[in-house]
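Comments concern the structure below.
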Amino acid sequence: MDMNLGMRPEIRALLDRVAAMIRDEIAPLEAEYHAEVNKGDRWQYTPRQAEILEGLKARAKSAGLWNFWLTDREAGPGLSTVEYAYFAEEMGKSPLAPEVFNCNAPDTGNMEVFHKYGTPAMKARWLAPLLAGEIRSAYLMTEPDVASSDATNIAMSCVREGDHYVLDGEKWWSSGAGDPRCAVYIVMVRTGGEDLPKHQRHSMIVVPAATPGIEKLRAMEVYGHDDAPHGHMHLRFTGVRVPVENLLLGEGRGFEIAQGRLGPGRIHHCMRAIGQAEAALGMLCRRSLSREAFGKPLAQLGANYDIIAECRMEIEQARLLCLKAAWMMDRGDARAAAPWIHKIKVVAPRVALKVIDEAVQMFGAQGISQDVPLSAMWHHVRTLRLADGPDAVHRRQVAREELRRHTQARV
């Protein structure tokens, strides 16, 4: 089968409009938006923040630049996953852009869950306002007391009592749970005992964020940054009662839902990481040409030509691998696509980190300061090497797939 990694002409024109809006309308407001975080309550949006964000969202929505992640569906513009990769890369160049176009994590993954597995009532109550960009959501999986990279360890108790489930336990790194607009959680819980196979012991349940018994213990810091007002929260559930109809699909089907959610989410992260690498390389090159030392532009000093060349080549390789994974997803065989998603989940953040770090070096001390966005980009992409599974877990899956080619033995 021929592998088409390009875009239809009408989709290319749509991408050009997105790129123009990011360049001309979103990027010029980013510094002002982020400067507002430290004014008053860090966990509330200031009037100016809300004005900037909601104004941009309204303009994007009215222009039809909205919900691009809805690939091949009547509700969205009908992009293929390959085509969406180019949009996500462009949006990755701006920290505000994904939300402006309603393509932000973790909401896209949660919307996938509601779309694929939600009841009509869930779709009306949660999916519709998420698609409209009116609320935010969070996905609660990781726990502080178990090695959550092996999700069979997830231990949050979920016990049925009559027409309710009762949840007890803790979750952390719950991205977006600090946002005052976060209205709903999708939570991985344990419903089965040791008598069941390991992958049938867990379930997914929908929990309104305002349910009594949920306590925000703290905001987790990423290299000293709390990411307010979005936040990565540490939550405690104590006797949290949720109607039984909030369980997705049924008891024991949590891993089935998780795989349906995490595959697209992982590749979307990688697409945006490539965009961040492109942004960092652009900053690096402009700095190397505009700054002089020892009588020469920085570009001509040391190994900087080689550094720039290596960055460009590695970005191109990472993009091609990402597009191959997207193409595999478009073929509709999730099992066949999985190894490619695992590969790019390791490669894209690693390449982006390298390029960002080289840009920091080119900027010198300014590169780690608040005057340029590189330090924020670095800690975001470094976190991505843990989000949706650490590198080691993805490499393990790639290696197991490779070894199957050479042996019939169980690996």
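The values are calculated or read from the model by the stated rules, or taken from the named source; none is laboratory data. Given the structure is predicted, the values throughout are model-derived calculations rather than measurements. So basically every Cβ, Gly included, is an ideal-geometry build from the backbone, and we count neighbours across all protein chains shown.
What about Lys198, is it farther than 29 Å from Glu54 by Cα, in contact with a Ser or Thr (Cβ under 7 Å, 6 or more places away or on another chain) and surrounded by fewer than 15 Cβ atoms within 10 Å (Cβ to Cβ)? So that I can check it myself, show each step before the final result.
Working: farther than 29 Å from Glu54 by Cα: yes; in contact with a Ser or Thr (Cβ under 7 Å, 6 or more places away or on another chain): yes; surrounded by fewer than 15 Cβ atoms within 10 Å (Cβ to Cβ): yes.
Yes; evaluated as a whole, the condition is true for this residue.
Any chance you could count how many residues in segment 35-51 are free of Cβ contacts under 8 Å to residues at least 60 places away in the same chain and in contact with a Leu (Cβ under 9 Å, 6 or more places away or on another chain)?
Number satisfying all stated conditions: 0.
So which residues in segment 190-235 are assigned to a strand (DSSP E or B) and hydroxyl-bearing (Ser, Thr, Tyr), if there are any at all?
The one that is assigned to a strand (DSSP E or B) and hydroxyl-bearing (Ser, Thr, Tyr): Ser203.
Kindly indicate which of Glu278, Glu292 is closer than 18 Å to Pro349 by Cα, surrounded by fewer than 21 Cβ atoms within 10 Å (Cβ to Cβ) and out of contact with any Phe, Trp or Tyr (no Cβ under 8 Å at 6 or more places or on another chain).
Glu278
Considering Ala155, Ala138, Ala147, Ala177, which residue is outside any strand (DSSP E or B), surrounded by 23 or more Cβ atoms within 10 Å (Cβ to Cβ) and at negative phi? Show your work before the answer.
Values: Ala155 fails: surrounded by 23 or more Cβ atoms within 10 Å (Cβ to Cβ); Ala138 fails: outside any strand (DSSP E or B); Ala147 fails: surrounded by 23 or more Cβ atoms within 10 Å (Cβ to Cβ).
That would be Ala177, the only listed residue that is outside any strand (DSSP E or B), surrounded by 23 or more Cβ atoms within 10 Å (Cβ to Cβ) and at negative phi.
May I ask you to verify whether Gln259 is under 30 Å from Leu15 (Cα atoms), in contact with a helix residue (DSSP H, G or I) (Cβ under 6 Å, 6 or more places away or on another chain) and assigned to a helix (DSSP H, G or I)? So that I can check it myself, show each step before the final result.
Details: under 30 Å from Leu15 (Cα atoms): yes; in contact with a helix residue (DSSP H, G or I) (Cβ under 6 Å, 6 or more places away or on another chain): no; assigned to a helix (DSSP H, G or I): yes.
Here the answer is no, as Gln259 does not meet what is asked.
Can you say whether Glu170 is among the charged types (D, E, K, R), part of a loop (DSSP other than H, G, I, E, B), surrounded by 15 or more Cβ atoms within 10 Å (Cβ to Cβ) and modelled with pLDDT of 95 or more, as far as the supplied structure shows?
Taking the combined requirement at face value, the residue does not satisfy it.
Which is among the small types (Gly, Ala, Ser), buried (at least 16 other Cβ atoms within 10 Å of the Cβ) and closer than 26 Å to Phe255 by Cα, of Ala399, Ala348?
Working: Ala399 fails: buried (at least 16 other Cβ atoms within 10 Å of the Cβ).
After ruling out the rest, the residue left standing is Ala348.
Go through Arg272, Arg286, Arg291 for me and flag whichever is more than 25 Å from the chain's Cα centre (by Cα), under 25 Å from Glu89 (Cβ atoms) and modelled with pLDDT of 95 or more.
Result of the check over Arg272, Arg286, Arg291: Arg286.
With in contact with a His (Cβ under 9 Å, 6 or more places away or on another chain), of a type outside the set (Val, Ile, Thr) and part of a loop (DSSP other than H, G, I, E, B) as the only criterion, which of Leu79, Leu70 stands out?
When all the criteria are applied, what remains is Leu70.
List the pairs whose first member sits in segment 7-22 and is more than 17 Å from Cys103 (Cα to Cα), whose second member is part of a helix (DSSP H, G or I), and whose Cβ atoms are under 8 Å apart, counting only residues at least 6 apart or on separate chains?
Going by the 8 Å Cβ cut-off, the qualifying pairs are Met7/Leu15; Met7/Val82; Met7/Glu83; Met7/Tyr86; Arg8/Glu83.
Could you tell me whether Glu358 is touching a residue at least 40 places away in the same chain (Cβ under 8 Å) and more than 30 Å from Thr142 (Cβ to Cβ)? Let's see the steps before the verdict.
Values: touching a residue at least 40 places away in the same chain (Cβ under 8 Å): yes; more than 30 Å from Thr142 (Cβ to Cβ): yes.
Here the answer is yes, as Glu358 does meet what is asked.
Identify all residues within segment 363-396 that are surrounded by fewer than 17 Cβ atoms within 10 Å (Cβ to Cβ) and free of Cβ contacts under 8 Å to residues at least 40 places away in the same chain; write none if there are none.
Listed by number, the residues that qualify are Gly364, Ala365, Gln366, Ile368, Ser369, Gln370, Asp371, Leu386, Arg396.
Quick check: anything in segment 307-317 over 15 Å from Met283 (Cα atoms), of a type outside the set (D, E, K, R) and over 17 Å from the mean Cα position of the chain (by Cα)?
Checking segment 307-317: at least one residue is over 15 Å from Met283 (Cα atoms), of a type outside the set (D, E, K, R) and over 17 Å from the mean Cα position of the chain (by Cα).
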